[in-house]
Amino acid sequence: MQEPAKSSSSGWRKSIAIGTAALILNMLMYALLPTSLVSHLGRLGYVSAFVVATIANASVILPIPYYPLIIRLSQTFNVWGVILAAAAGSVIGELVSFFIGRTSHAVIRETQFSNWIERQIRVPCRVGPLLFGLAAIPNPAFDIAGLLAGALDVSVRMFVTSVFLGRIVRMGLVALVGLTLQSI
């Protein structure tokens, strides 16, 4: 009986450690990212937000810290333009996981979380809110949802719409951090 609680506890500790490391890495990248780089981007600022978000979200295996650039861009350019460009790029990048799941019916390691996502996706009225919610909060587990959504034949329209709206919320939060840091 004691074993399940122990493995569950170690799973949470591992998740918290990974989240803390990601936060520290993003803060370090923000501090090291020269503000002159963003000003040199000129009119390419929105394109940069789109391209970086696309590449970072297309990388299923290796996480790429792109929030610092989005923060810097939101401090320099129209914040809504940066949010929309980064959200759109993010959706394009997430389509990689979706289509991997669609074409290969990818085998995902069964965990309580992946099993829960699969049960939710199988109920059509839950798909949109589930994808929106998982896309809105920064979490590495969204790739699992993208793979499962593809494997379980969620429509591309539902996936793109839900993820885009969720990513507007996420990028809005990231931009808000940037605007807050700028005023400090």
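Overview of results
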| quantity | calculated |
| --- | --- |
| J(HN,Hα) series, segment 170-184, from Karplus relation 6.51 cos²θ - 1.76 cosθ + 1.60, nearest Hz, glycine and proline x | 4, 5, x, 5, 5, 5, 4, 4, x, 5, 5, 5, 5, 7, 7 |
| Contact order relative to length of segment 33-184, as percent, for alpha carbon pairs under 8 angstrom and 6 or more apart | 29 |
| Cα→Cβ-extended label distance, 7 Å offset, between SER36 and TRP80, nm | 3.4 |
| Low-density loop positions, trypsin sites (Lys or Arg not before Pro), segment 116-184 - DSSP coil, at most 16 other Cβ in 10 Å | ARG122 |
| Selection from PHE132, GLY101, ILE121, by position along the positive dipole direction of segment 94-141 (Cβ) | ILE121 |
| Cβ-derived FRET efficiency at R0 45 Å, ILE55 paired with GLU110, nearest 0.05 | 0.95 |
| Under the Karplus curve 6.51 cos²θ - 1.76 cosθ + 1.60, θ = phi - 60°, whole-Hz ³J(HN,Hα) for segment 47-62, x wherever Gly or Pro sits | 5, 4, 4, 5, 5, 5, 5, 4, 5, 5, 7, 7, 7, 7, 8, 9 |
| Loop-located GluC sites (Glu not before Pro) in segment 58-162, at most 16 other Cβ atoms within 10 Å (DSSP) | GLU110 |
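Just so you know, all these numbers are worked out from the coordinates, no wet-lab data involved. All values derive from a computational prediction rather than experimental measurement. Cβ: placed from backbone, ideal geometry, glycine included. Neighbour counts: every protein chain shown.
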